[in-house]
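*Asks:* Okay, here's the structure, questions in a sec.
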Amino acid sequence: MSDYKVEVRNLCKNFGSLQVLKDCNFNIKRGEFVCVVGPTGCGKTTFLNTLTCLIPPTSGEILIDGEKANPKKHNLSFVFQEPSAMPWLTVEDNIAFGMRMKGWDKPRIKEQTDRIIELMGLAKNRKQYPHELSVSAEQKVVVGRAFAMEPDLLLMDEPYGQMDIKTRFYLEDEVIRLWKTLGSTVLFITHNVEEACYLADRVLILSNKPASVKEDLTLTMPRPRNIAAPDFVAKREYVEDSIKWW
């Protein structure tokens, strides 16, 4: 078995004559939390959609556990920018949905659903529907649903981009707690550099279009992170400057 959970080699994506991704190369270890940042319009969402196999790469390869990524074989979960809880399902049924689609047995589904509801602090909401929840609680349901499936790779596309600062920090702490408890491998796209430095083990900095990985920055700051600490500020400013110049 490969030393890495995910390996991306010479990944390219063209739309006709427009080249969006060019020779993207990086690896992700099992259980890592990796954030991706880059200039506006550089192709971050195309990057994510290609990694999820929602769209095929023009060339290059994506490997999971040393094998070519295959949605029929590998368990890929996706959290979108917009809230995506199913309005006709309760909180507990939303969280259980993916597991049911994957054919898990009923006792395992119940055990995992109960575990996620407890971890996410949703016990009092479990019988409620999305329209009865706050926006932050609904997004917790969506994140919990994705983690519940124990994915080979969880990809998150700016899931807190529309939240106010206080709510975003609260949800970031929630996702870190869930990630550390479950040991998932996460790739998180964000335009918010502070968010990337707050969450990530590593930050991948993309260039302007056609996007490639220009720098792979490891963050060793202890958690929980203090956004006012000199080391944190220095790392955030370094990433911001890197994006400006590319």
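*Asks:* Take each of the peptides 202-212, 58-68, average the number of other beta-carbon atoms within 10 Å over its residues, and list them starting from the highest.
*Replies:* Going from most to least packed, we get 202-212, 58-68.
*Asks:* Moving on. Counting only heavy atoms of protein chains, what accessible area per residue, in Å², does the chain have with a probe of 1.4 Å?
*Replies:* Here the per-residue accessible area is 47 Å².
*Asks:* Let me ask another. Ranked highest first by average number of other Cβ atoms within 10 Å, how do 40-50, 157-167 line up?
*Replies:* 40-50, 157-167
*Asks:* So, with a 1.4 angstrom probe, what is the percent of accessible area on the chain that is carbon and sulfur?
*Replies:* Roughly 52 percent of what the probe reaches on the chain is carbon or sulfur.
*Asks:* How would you classify the stretch 92-218 from its alpha-carbon gyration tensor, with a ≥ b ≥ c the square roots of the eigenvalues: rounded for a/c under 1.5, else prolate if a/b is greater than b/c, otherwise oblate?
*Replies:* Verdict is prolate for the stretch 92-218.
*Asks:* What percent do you get for the relative contact order of the stretch 1-74 when only Cα pairs under 8 Å and 6+ apart count?
*Replies:* 42
*Asks:* Listed here are the pairs K68/K180; K106/K127; K72/K127; K29/K72; which of them are more than 24 Å apart at the Cα?
*Replies:* Going by Cα-Cα distance, K68/K180; K72/K127 fall outside the 24 Å limit.
*Asks:* Give me the percent relative contact order of the chain, please, defined on Cα pairs under 8 angstrom at least 6 residues apart.
*Replies:* 28
*Asks:* Using Cα pairs closer than 8 Å and at least 6 residues apart in sequence, work out the relative contact order for the stretch 58-155, in percent.
*Replies:* 46
*Asks:* In whole Å and largest first, what semi-axes does the C-alpha gyration tensor of the chain yield when each eigenvalue is scaled by 5 and square-rooted?
*Replies:* Largest first, the chain gives 29, 22, 16 Å.
*Asks:* When 1/r is averaged over all different Cα pairs and the result inverted, which Kirkwood radius in Å belongs to the stretch 89-156?
*Replies:* It is 11.8 Å.
The values are calculated or read from the model by the stated rules, or taken from the named source; none is laboratory data. Given the structure is predicted, the values throughout are model-derived calculations rather than measurements. All Cβ positions, glycine included, derive from the backbone under ideal geometry; neighbour counts span all protein chains shown. SASA here: full protein model, heavy atoms, side chains in, ligands and nucleic acids out. Shrake-Rupley method; radii C 1.70, N 1.55, O 1.52, S 1.80 Å.
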